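Below is one structure, written out as structure tokens; comments come after it.
The values are calculated or read from the model by the stated rules, or taken from the named source; none is laboratory data. Keep in mind it's a predicted model, so treat the numbers as computed, not measured. Cβ atoms come from the backbone with ideal geometry, glycine included; neighbour counts cover every protein chain shown. With ligands, DNA and RNA removed, areas are computed over all heavy atoms of the protein, side chains included. Shrake-Rupley method; radii C 1.70, N 1.55, O 1.52, S 1.80 Å.
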Amino acid sequence: MSLTRQTELLDISRASLYYQPRPNEQDIQIMHALDVLYLRLPFYGSRRMQGALEDYYAILICREHVQRLMRLMGIEAIYPKPRTSTPAEGHHLYPYLLRNLAITRPNQVWGTDITYIKMEHGFCYLTAILDWFSRSVLAWEVSEKMDVSFCATSLRSALARAIPEIHNSDQGAQFTAQEYTGILDARGVAISMDGRGRCMDNIFTERLWRTVKYENVYLKNYRTMDEAREGLAAYFTFYNEHRRHQALENKTPTEVYFAGAA
């Protein structure tokens with residue numbers, strides 16, 4: 001039975017099927033606080049986050065409320081733990097391929113992830129493709145929804161520049177979806193996925209998020225998605241072409257990427 005016919009029989013608006021409630025202003029402010037706390041204390045679960053919100057921000061909410069907001073933000077405590085959930089139905093998991101692997105050249109390993117980005121009166125999500133050897137951000141996208149489409153767009157943009165040997169991500173539904181893994185399979189890229197709850201498996205991308213937020217997002221206090229997109233574009237140009245890294249012998253990611261790829 002079509003959706004139109006179902007809504008007619010139930011006497012409800014068809015538009016209501018697609019409505020996704022947005023957090024209220026108070027929840028958005030709590031999510032901003034959780035974002036800051038998570039960068040400092042990524043090993044804190046909902047119980048400890050509840051206490052930290054009270055200690056640092058005088059915010060009193062129940063643990064279930066904290067859990068709901070953390071799920072919406074796409075964050076969870078980072079520590080080794082049993083796998084208690086499965087990927088979306090029909091999604092295939094891939095093994096972690098990087099254990100004890102020496103990263104010695106550009107385009108050997110790319111990593112990706114999604115992070116929450118605060119705005120003055122809302123939030124959005126940021127994804128990026130990072131070359132692990134050079135720390136160069138090869139592509140990125142922002143979106144109001146944490147779905148596969150903007151991740152796939154970022155991946156296609158990066159693949160227009162080069163083809164990696166290995167692509168690494170977490171086990172999130174966005175990265176296990178056929179819409180995403182199919183792009184990699186079609187180009188012969190080996191797919192690697194982190195063990196659940198293992199922050200060290202994707203440490204370079206986690207460090208990138210910390211850098212982006214402290215050096216750009218928290219300072220700018222973006223008001224809209226368009227403003228965030230414009231500001232992040234300028235920052236990633238600075239990050240790639242002008243920001244020197246001690247880990248890269250005081251060179252920029254762009255210098256290391258193209259020198260190694262030559």
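Structure above, values below:
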quantity	calculated
Odd one out for Leu130, checked against (1) in a helix (DSSP H, G or I); (2) under 15 Å from Thr205 (Cα atoms)	(1)
Matching residues in the stretch 155-188 - criterion: being hydrophobic (A, V, I, L, M, F, W, C), under 20 Å from Arg135 (Cα atoms) and not in a helix (DSSP H, G or I)	Ala160, Ala162, Ile163, Ile166
Filtered residue count, the stretch 223-254, keeping only those that are open to solvent by 10 Å² or more (accessible area, probe 1.4 Å) and under 18 Å from Gly122 (Cβ atoms)	8
Which numbered condition Ile163 fails, given (1) free of Cβ contacts under 8 Å to residues at least 24 places away in the same chain; (2) open to solvent by 70 Å² or more (accessible area, probe 1.4 Å)	(1)
Tabulated pairs, the stretch 140-154, first assigned to a helix (DSSP H, G or I), second of a type in the set (Asp, Glu), C-beta under 8 angstrom, 6+ apart or interchain	Val148/Glu179; Ser149/Glu179; Phe150/Glu141; Cys151/Glu141; Ala152/Glu179; Thr153/Glu141; Ser154/Glu141
Number of positions in the stretch 57-74 that are open to solvent by less than 60 Å² (accessible area, probe 1.4 Å) and more than 19 Å from Ala173 (Cα to Cα)	4
Long-range neighbours under 8 Å by Cβ, at least six apart or interchain, first residue over 13 Å from Ala33 (Cβ atoms) within the stretch 45-68, second open to solvent by 80 Å² or more (accessible area, probe 1.4 Å)	Arg63/Arg47
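The rows are residues; the columns are (1) more than 29 Å from Leu248 (Cα to Cα); (2) touching a Ser or Thr at 6+ places or on another chain (Cβ under 7 Å); (3) open to solvent by less than 20 Å² (accessible area, probe 1.4 Å); (4) among the basic types (Lys, Arg).
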| site | (1), (2), (3), (4) |
| --- | --- |
| Cys124 | yes, yes, yes, no |
| Ile129 | no, yes, yes, no |
| Val142 | no, no, yes, no |
| Leu159 | no, no, yes, no |
| Asp170 | no, no, no, no |
